[in-house]
Amino acid sequence: MESTLSIIKPDGVKKNIIGNILKKFEDSGLKITHIKLIQLTEKEASEFYEMHDGKPFFKDLVAFMSSGPCIPFVLMGENAILRVREIMGATDPQEAKEGTIRAQYADSIDSNIIHGSDSQDSATREISFFFG
Ligand code: CDP
Ligand code: MG
């Protein structure tokens, strides 16, 4: 059993597709064990994405992630980390496989609807960032 952290980003909340996104994960058999709706400050968004500090997209990413409410949640199941990444699709929606959340709903690489932890270490850090 693994747990992983996902976030419906502010664009997903604005588009009114929270239910559609959660349904995809639930239909895959993953369990939602924690969930909330919050708006990150710029400081919190910078801290969450600190591994990208210095990259050309960092400033816009922080502005985007703090631009409105988002929905962090924890998904639990066998191989949850990898399964969530597969259900999300590639970072760039143009490269995301058909049927994935990003292929279906994302407008662009910088407005791509969903976050998912990319490793056991980041899952641990990110779950504790939002849920202690
Ligand atoms: O979210 P994911 O793990 O798939 O991608 P990442 O490489 O960890 O990048 C984190 C986030 O930064 C992406 O989801 C995008 O929102 C943003 N990003 C961007 O705006 N432009 C890029 N060239 C790369 C990432
Ligand atoms: Mg990432």
(message) Condition first: under 24 Å from GLU47 (Cα atoms) and outside any helix (DSSP H, G or I). Now tell me which residues in segment 107-124 satisfy that.
(response) SER108, ILE109, ASP110, SER111, ASN112, ILE113, ILE114, HIS115, GLY116, SER117, ASP118, SER119
(request) Would you check which residues across segment 39-53 are of a type in the set (Asp, Glu) and within 12 Å of PHE64 (Cβ to Cβ) and list them? (result) GLU42
(request) Look through segment 108-123, keep the residues that are surrounded by fewer than 22 Cβ atoms within 10 Å (Cβ to Cβ) and over 11 Å from GLY12 (Cβ atoms), and return whichever of them is farthest from ligand 2 (Cβ to nearest atom). (result) SER108
(request) Mind listing whichever residues of segment 52-64 are hydrophobic (A, V, I, L, M, F, W, C), within 16 Å of ligand 2 (Cβ to nearest atom) and either at pLDDT below 95 or assigned to a helix (DSSP H, G or I) (or both)? (result) PHE58, LEU61, VAL62, PHE64
(request) Might you check whether a residue that is touching a residue at least 12 places away in the same chain (Cβ under 8 Å), within 16 Å of SER28 (Cβ to Cβ), small (Gly, Ala, Ser) and in a strand (DSSP E or B) occurs anywhere in segment 86-93? (result) no
(request) Could you identify the single residue in GLU126, GLU86, GLU98 that is charged (D, E, K, R), modelled with pLDDT of 95 or more and surrounded by 21 or more Cβ atoms within 10 Å (Cβ to Cβ)? (result) GLU126
(request) Only residues that are more than 14 Å from ligand 2 (Cβ to nearest atom), surrounded by fewer than 18 Cβ atoms within 10 Å (Cβ to Cβ) and under 14 Å from the mean Cα position of the chain (by Cα): list them for segment 65-83, please. (result) PRO69
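The values are calculated or read from the model by the stated rules, or taken from the named source; none is laboratory data. Everything quoted here is computed from the prediction, not taken from an experiment. With ideal geometry, Cβ positions are generated from the backbone for all residues, glycine too; neighbour counts draw on all protein chains shown.
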